[in-house]
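Peer 1: Just dropping this structure here.
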Amino acid sequence: MKDIEDLIKNSKILVVEDSPGVVKIISEVFKDSEIDAIFVDNGREAIDMAVSELPDLILLDIHLPELDGYGVANYLKKNNKTKDTPIVLLTIESEREDIFRGFQVGAVDYITKPFYPEELVCRVKNHLKFKKAEDLLKENQTRYQGLFNCIKSGVAVYEAVNTPNGIDFVFKDINKACEKIESVKKENLIGKKVTEVFPGVREFGLFDILVRVWQTGEPNFHPISFYEDNRIIGWRENYVYKLPSGEIIAVYDDVTEQKIAERNLISAKEAAEKANKVKSEFLANMSHEIRTPLNAILGFSELLKGSVQDDRSNEYLDGISISGRSLLNLINDILDLSKIEAGKLEIAKKAVSIHAIIKEFQRLFSFKAKEKSLEYKIDIDGNLPEGLVLDEIRLRQIILNLLGNAFKFTHRGSVALRVKANNLNLENQTVELIIEVIDTGIGIREEEQNYIFEAFRQRDGQNTRRYEGSGLGLTISRRLSELMGGQIELESEFGKGSSFRVTIPCLVAKDINSIETEDENLVEEIIFEPATILLAEDAVSNRDILRGYLRNSNLTLLEATNGIEAIEHIANHDVSLVLMDVQMPIMNGYQATKLLKEKEDTKQIPIIVLTASLLNGENKEIKKISQSFLQKPISKKKLLKELSKYLPIKQEIIEPNITKTKVEFDPVTKNELRNNFLFKYNQIKRFMLNSDIEEFAIQLQTFSKKIQSKELETYAAALHNYAYNLSIEKMNKKFLELDEIFL
């Protein structure tokens with residue numbers, strides 16, 4: 001702030017004097033000073049000049065022509081523009097009574113004539129200083145009052161007072177925010193005690209803080225507290241200070257809305273968690289309810305395949321199985337997404353053959369490519385290691401989703417699957433696996449690319465019968481990529497095609513022999529040593545299927561429909577193993593298993609739990625109390641494989657090794673085949689594409705008629721039937737029977 005002495009520089013005073021001699025003296029006094037003096041010699045002109053120039057001070061002679069000094073002073077004090085301007089009267093010593101009258105009309109001082117120039121200057125400067133100081137004070141008060149009333153926080157000013165009951169605090173001032181927060185007028189608070197206005201102030205804890213701050217002078221913070229009395233209900237947060245004047249100021253905020261919002265947020269979070277739990281339980285139940293009949297559909301289809309000889313009927317059974325598997329895939333997609341959202345999907349890494357995986361996808365989509373007349377290209381980087389450590393199941397899921405979409409939305413041109421290695425570091429055995437699926441399909445509009453990875457969102461036009469699907473494939477693929485530490489990138493141009501690029505960091509498998517491969521000798525049937533096993537399952541269809549699977553297994557099967565029946569059977573029979581369904585009436589499988597594992601005489605019995613849903617993490621609980629579990633729908637081979645872990649085997653009936661099968665042709669036919677089909681056979685054998693084998697079978701059929709070979713015609717017809725009906729396993733076996741001829 002500037003010094004007062006500096007502020008009075010360039011001040012302006014109005015001198016109202018009709019005596020030329022006095023005017024000359026005053027003019028000489030202020031001639032060399034920094035105070036500007038304006039002179040007038042009558043009352044009328046004095047009023048006009050004062051209103052227009054607004055001087056900082058007026059030297060006013062009492063006796064003036066026309067309008068005297070009293071009249072001038074009286075007028076100026078009533079005028080809003082000049083009422084605060086200090087007036088110093090110029091009088092003579094004999095006019096004492098006139099001086100008193102001057103004070104009555106608003107003068108602040110007087111100077112008697114004749115006067116000393118020094119006295120005049122000192123008095124004028126002192127009054128100017130008072131005026132400037134007063135102006136500064138008013139300015140600061142205005143600024144303070146503006147801040148005081150504009151601040152959003154409530155501000156209350158208290159003065160400590162002594163009462164018969166001890167110290168109390170009286171309201172000196174409050175701001176507008178305080179009036180609004182407390183719904184009270186300022187005039188109804190000023191002068192009243194805080195304990196009178198807010199009876200609960202002691203209980204709130206605020207009163208003790210006011211006392212402490214008043215006694216110590218140290219500011220204090222009173223955190224968010226709940227206030228409730230006959231006029232307040234809500235939360236407040238207070239900051240309390242002591243001013244040099246001794247007054248106490250409390251600055252506080254009403255955080256009721258914030259606290260209510262927080263409570264609502266907590267309630268909403270709890271409601272969301274409850275809803276999520278209900279959703280998870282619903283999905284688990286839905287999974288169980290859908291999988292139970294689906295298990296029957298797939299199980300009975302598998303049982304029928306072993307007894308139906310007619311090719312057309314087998315085609316129908318294949319159609320049932322394919323549709324059932326499609327429905328199962330849809331259920332798995334929904335459950336996988338729910339697991340991912342709940343953070344319960346675990347990544348299981350192991351050494352796998354990436355080349356073998358890509359080769360399988362080459363075969364899998366070859367028929368679809370031929371059916372839609374599309375070029376299907378596979379490009380594998382020569383630097384790509386044979387073995388990589390990653391989650392094979394989730395990688396397959398990603399590629400299957402991307403290729404499935406590519407073929408779904410491509411009607412001309414090509415689909416390409418490119419696999420390459422990036423940032424290969426053989427020293428650290430690390431590599432980035434890059435998988436690209438590129439198509440020349442319908443493409444994705446730019447605005448749709450922002451949400452194409454959202455759940456249940458489909459690209460434009462997919463919500464028609466032409467394009468089926470749940471809209472979950474890309475969502476799951478992105479989430480799975482991220483779970484494996486990778487990402488998916490999309491580039492697309494509407495009408496020209498799309499490119500999806502998946503990047504997954506992984507390790508190079510050091511020991512190539514550690515890569516797990518399925519045994520080429522597939523077990524068709526297992527005959528166990530005589531034993532009794534218990535099947536606890538409430539669904540009749542599921543019991544029928546499992547009974548059919550075990551018909552020739554040499555096992556005695558006991559059946560129960562709930563946990564209580566299961567425990568009773570075990571008490572009355574010598575049971576070697578239990579197949580226990582989870583969801584059963586009266587007593588469920590989990591409860592029954594837990595009881596059996598707690599009893600000394602039954603805890604050693606192996607229990608394989610049958611479950612239709614692993615969504616809610618029950619697999620972890622199952623592992624704690626059982627030997628293993630099988631997820632429905634259960635295939636015969638899976639069941640036999642699991643049983644063989646715990647029951648002694650008498651005999652395994654192995655399906656013949658597909659590479660050692662012999663086909664009988666006469667020497668002439670063999671020679672003709674070598675001459676005409678050897679090169680073609682070796683080409684097809686490299687990739688084993690369904691479309692190539694089907695075309696090869698048609699050529700063999702034509703050739704068999706040409707050379708009149710019934711054996712070759714029969715063989716070619718069977719091979720074509722398997723290829724046409726997508727019986728991939730049987731097709732591959734049949735095709736490789738020709739090894740005996742061409743090798």
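The values are calculated or read from the model by the stated rules, or taken from the named source; none is laboratory data. Because the structure is predicted, anything quoted here is derived from the model rather than measured. Please note: Cβ atoms are built from the backbone with ideal geometry, for glycine as well, and neighbour counts cover all protein chains shown. When the accessible area is computed, the model is the full protein with side chains, heavy atoms only, and any ligands, DNA or RNA have been set aside. Shrake-Rupley method; radii C 1.70, N 1.55, O 1.52, S 1.80 Å.
Every residue, every condition in (1) out of contact with any Phe, Trp or Tyr (no Cβ under 6 Å at 6 or more places or on another chain); (2) over 22 Å from Leu54 (Cβ atoms), yes or no:
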| residue | (1), (2) |
| --- | --- |
| Gly71 | yes, no |
| Lys77 | yes, no |
| Thr82 | yes, no |
| Thr85 | yes, no |
| Leu89 | no, no |
| Gln104 | yes, yes |
| Tyr110 | yes, yes |
| Asn126 | yes, no |
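Peer 1: Condition test on Ala421, is it within 17 Å of Thr503 (Cα to Cα) and not acidic (Asp, Glu)?
Peer 2: Values: within 17 Å of Thr503 (Cα to Cα): yes; not acidic (Asp, Glu): yes.
So Ala421 fits the description; yes.
Peer 1: Continuing with this model, one more query. Just to check your reading of the model, which residue among Gly413, Gly404 is at positive phi and open to solvent by 20 Å² or more (accessible area, probe 1.4 Å)? Please lay out each step first, then the result.
Peer 2: Values: Gly404 fails: at positive phi.
So the residue among Gly413, Gly404 that is at positive phi and open to solvent by 20 Å² or more (accessible area, probe 1.4 Å) is Gly413.
Peer 1: Quick one: what pairs do we get from segment 479-505, first residue assigned to a loop (DSSP other than H, G, I, E, B), second surrounded by 14 or more Cβ atoms within 10 Å (Cβ to Cβ) and among the acidic types (Asp, Glu), C-beta under 8 Å, 6+ apart or different chains?
Peer 2: Every condition considered, the pairs that remain are Met484/Asp391.
Peer 1: Hey, another quick one. Scan segment 551-581 for residues that are in a loop (DSSP other than H, G, I, E, B) and without any contact (Cβ under 8 Å) to a residue 60 or more places away in the chain and jot them down. Write out each step before concluding.
Peer 2: Kept after step one, since they are in a loop (DSSP other than H, G, I, E, B), are these residues of segment 551-581: 551-554, 561-562, 573-576.
Listed by number, the residues that qualify are Arg551, Asn552, Thr561, Asn562, His573, Asp574, Val575.
Peer 1: Now for a separate question. So which residues in segment 583-601 are free of Cβ contacts under 8 Å to residues at least 60 places away in the same chain, touching a helix residue (DSSP H, G or I) at 6+ places or on another chain (Cβ under 8 Å) and either open to solvent by 10 Å² or more (accessible area, probe 1.4 Å) or in a strand (DSSP E or B) (or both)? Before the answer, list the steps.
Peer 2: Looking only at segment 583-601, we keep the residues that are free of Cβ contacts under 8 Å to residues at least 60 places away in the same chain, and these are 584-601.
Now drop any that are not touching a helix residue (DSSP H, G or I) at 6+ places or on another chain (Cβ under 8 Å), which leaves 584, 586-597.
Passing the criteria: Met584, Ile586, Met587, Asn588, Tyr590, Gln591, Lys594, Leu595, Lys597.
Peer 1: Scan segment 185-210 for residues that are among the β-branched types (Val, Ile, Thr) and touching a residue at least 12 places away in the same chain (Cβ under 8 Å) and jot them down. Talk me through it step by step, then tell me what you get.
Peer 2: Step one: list which residues in segment 185-210 are among the β-branched types (Val, Ile, Thr), which gives 190, 194-195, 197, 201, 209.
Correct list: Ile190, Val194, Thr195, Val197, Ile209.
Peer 1: May I ask you to list the residues in segment 536-552 that are surrounded by fewer than 22 Cβ atoms within 10 Å (Cβ to Cβ) and polar (S, T, N, Q)?
Peer 2: If the condition is that a residue be surrounded by fewer than 22 Cβ atoms within 10 Å (Cβ to Cβ) and polar (S, T, N, Q), then Ser541, Asn552 are the ones that fit.
Peer 1: Check off (1) within 21 Å of Pro648 (Cβ to Cβ); (2) more than 47 Å from the chain's Cα centre (by Cα) for Glu568 and give me the number that stays unchecked.
Peer 2: Unmet for Glu568, out of (1) within 21 Å of Pro648 (Cβ to Cβ); (2) more than 47 Å from the chain's Cα centre (by Cα): (1).
Peer 1: Moving to a separate point now. Only residues in segment 443-454 that are within 15 Å of Ser499 (Cα to Cα) count as the first member; pair them with residues that are in a loop (DSSP other than H, G, I, E, B) and of a type in the set (Lys, Arg), Cβ under 7 angstrom, at least 6 apart or cross-chain, and list the lot.
Peer 2: Gly443/Lys496; Ile444/Arg459; Glu448/Arg459; Ile452/Arg459
Peer 1: Against the definition (among the polar types (S, T, N, Q) and out of contact with any Leu (no Cβ under 8 Å at 6 or more places or on another chain)), how does Ser373 come out, yes or no?
Peer 2: So Ser373 fits the description; yes.
Peer 1: So, in segment 180-194, exactly how many residues are under 25 Å from Asn162 (Cβ atoms) and either in a helix (DSSP H, G or I) or among the basic types (Lys, Arg) (or both)?
Peer 2: Going through segment 180-194 one residue at a time, the tally reaches 6.
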